[in-house]
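K.L.:
Okay, handing you the structure first.
The values are calculated or read from the model by the stated rules, or taken from the named source; none is laboratory data. All of these numbers come straight from a predicted model, not from anything done at the bench. Here the Cβ is made from the backbone with ideal geometry for all residues, glycine too, and neighbour counts use every protein chain on show. Ligands, DNA and RNA are stripped out before the accessible areas are found, and what is left, the full protein with its side chains, is counted by its heavy atoms. Shrake-Rupley method; radii C 1.70, N 1.55, O 1.52, S 1.80 Å.
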Amino acid sequence: MKQPLRRFAASASPSAEAGRLRTGKTGFLAGPVRFAASLPREARDTLFLLAVIAWVVAMQIGHIPWWCSVLTAAVLGWRT
């Protein structure tokens, strides 16, 4: 009978990967993950929503009037 394929090697378990991200030893997300972990839940949620709003508006810049983009940038800048 065939053995099922293992997703991770024995030395790199999922918990080891998460531990490396938490400690900030590897990866390009180490800084932002450490910063986000130090914030309270409400602040993390607010930053996430602001990032989503910025992403959606950024995709619409070519289709909406310039003043909408300026006002959105002003509000996002004020909130961050």
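K.L.:
When you go through Leu5, Leu71, Leu21, Leu29 one by one, which is the residue that is of a type in the set (A, V, I, L, M) and modelled with pLDDT of 85 or more?
P.N.:
That would be Leu71, the only listed residue that is of a type in the set (A, V, I, L, M) and modelled with pLDDT of 85 or more.
K.L.:
Do you know which residues across the range 51-78 are touching a helix residue (DSSP H, G or I) at 6+ places or on another chain (Cβ under 6 Å) and not small (Gly, Ala, Ser)?
P.N.:
Val57, Ile61, Thr72, Leu76
K.L.:
Can Leu49 be described as open to solvent by less than 80 Å² (accessible area, probe 1.4 Å) and at pLDDT 60 or above?
P.N.:
no
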